[in-house]
Amino acid sequence: MRQASGSGAQGRGGQASPKVLRQYISRFPQASVLVIGDLILDHYIWGRVSRISPEAPVPVVHVDSESLKLGGAANVFNNILALGGKADLCGVIGSDESGRMLLKELGSTRSGRGGVVIDQDRPTTRKSRVIAHNQQIVRYDVERRAELKPAMQRRILRYVESRSSAYSRPTADTRPGARNDEPRRSGGGAPTYLPCSAGWRPIASVTTCPMRSG
């Protein structure tokens with residue numbers, strides 16, 4: 001979104017003022033966004049600690065409950081919809097229970113999931129956090145960091161190209177090490193994201209492509 005001009009546009013530290021943020025939120029119903037990134041299932045294990053394990057100097061957590069949340073690009077996609085915008089989601093999940101649970105969290109009636117690709121050879125990224133007394137004890141991740149196979153890259157690219165005519169320009173979160181792909185314009189002039197020569201890597205950030213208005 002284009003930043004508003006004027007003396008009230010920014011608050012302290014260069015951050016947008018509450019007034020500007022409210023203006024952004026009010027415009028979300030007119031927004032359509034293509035979200036490309038890691039599809040993550042965030043898993044939380046909640047419990048209590050009352051003793052140390054006799055097997056090792058670590059706390060024993062008595063589990064009270066568990067919960068699942070959308071993470072990564074899936075969370076961004078969900079938040080855009082929650083704010084009244086429209087969104088398309090593109091990313092990779094595995095053919096496993098975590099992938100099925102992630103799709104369930106997205107909702108069975110949600111549109112815009114045509115870019116979710118199932119890779120039979122990799123697990124769905126799942127980040128599990130064990131929390132006791134409001135303190136995170138440990139986090140363990142299930143993920144595969146190897147690059148996607150060329151066939152999977154082509155499937156993602158075909159989907160992005162199929163949607164590219166609806167979007168004005170891509171905008172990327174380019175934190176160091178987050179991406180290994182570069183934007184390039186297709187023959188029709190619409191910008192799309194194409195993998196660079198080294199191939200796609202699992203990405204920790206999210207690429208959003210604001211849809212062309214009017």
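The values are calculated or read from the model by the stated rules, or taken from the named source; none is laboratory data. Quick caveat: nothing in here was measured; it's all calculated off a predicted structure. In this analysis, Cβ positions are derived from the backbone assuming ideal geometry, glycine residues included, and neighbour counts consider all displayed protein chains.
Please enumerate the residues belonging to the range 63-79 that are in contact with a helix residue (DSSP H, G or I) (Cβ under 7 Å, 6 or more places away or on another chain) and over 24 Å from ARG144 (Cα atoms).
The answer is none; no residue qualifies.
Mind telling me which of the residues ARG100, ARG113 ends up being among the charged types (D, E, K, R) and either modelled with pLDDT under 90 or touching a His at 6+ places or on another chain (Cβ under 7 Å) (or both)?
None of the others qualify; the one that does is ARG113.
Considering only the range 69-76, I want to know if a residue exists there that is farther than 28 Å from LEU157 by Cβ and modelled with pLDDT of 90 or more.
Yes, the range 69-76 contains at least one residue that is farther than 28 Å from LEU157 by Cβ and modelled with pLDDT of 90 or more.
Does ILE36 satisfy the condition of being part of a strand (DSSP E or B), under 15 Å from MET101 (Cα atoms) and either in contact with a Ser or Thr (Cβ under 6 Å, 6 or more places away or on another chain) or modelled with pLDDT under 95 (or both)? Steps first, answer last, please.
Numbers: part of a strand (DSSP E or B): yes; under 15 Å from MET101 (Cα atoms): no; either in contact with a Ser or Thr (Cβ under 6 Å, 6 or more places away or on another chain) or modelled with pLDDT under 95 (or both): yes.
No.
Counting only residues that are in a helix (DSSP H, G or I) and surrounded by 17 or more Cβ atoms within 10 Å (Cβ to Cβ), which one in the range 16-33 is modelled with the lowest pLDDT? Step through it out loud before you land on a result.
So in the range 16-33, the residues in a helix (DSSP H, G or I) come out as 18-26, 28-30.
Within this subset, residues satisfying the condition of being surrounded by 17 or more Cβ atoms within 10 Å (Cβ to Cβ) are 20, 28.
Values: VAL20: 89, PHE28: 79.
Restricting to residues being in a helix (DSSP H, G or I) and surrounded by 17 or more Cβ atoms within 10 Å (Cβ to Cβ), the top hit is PHE28.
Quick check on the range 53-104: of everything there that is touching a strand residue (DSSP E or B) at 6+ places or on another chain (Cβ under 6 Å) and free of Cβ contacts under 8 Å to residues at least 12 places away in the same chain, which residue is surrounded by the most Cβ atoms within 10 Å (Cβ to Cβ)?
Among residues in the range 53-104 that are touching a strand residue (DSSP E or B) at 6+ places or on another chain (Cβ under 6 Å) and free of Cβ contacts under 8 Å to residues at least 12 places away in the same chain, the one surrounded by the most Cβ atoms within 10 Å (Cβ to Cβ) is VAL60.
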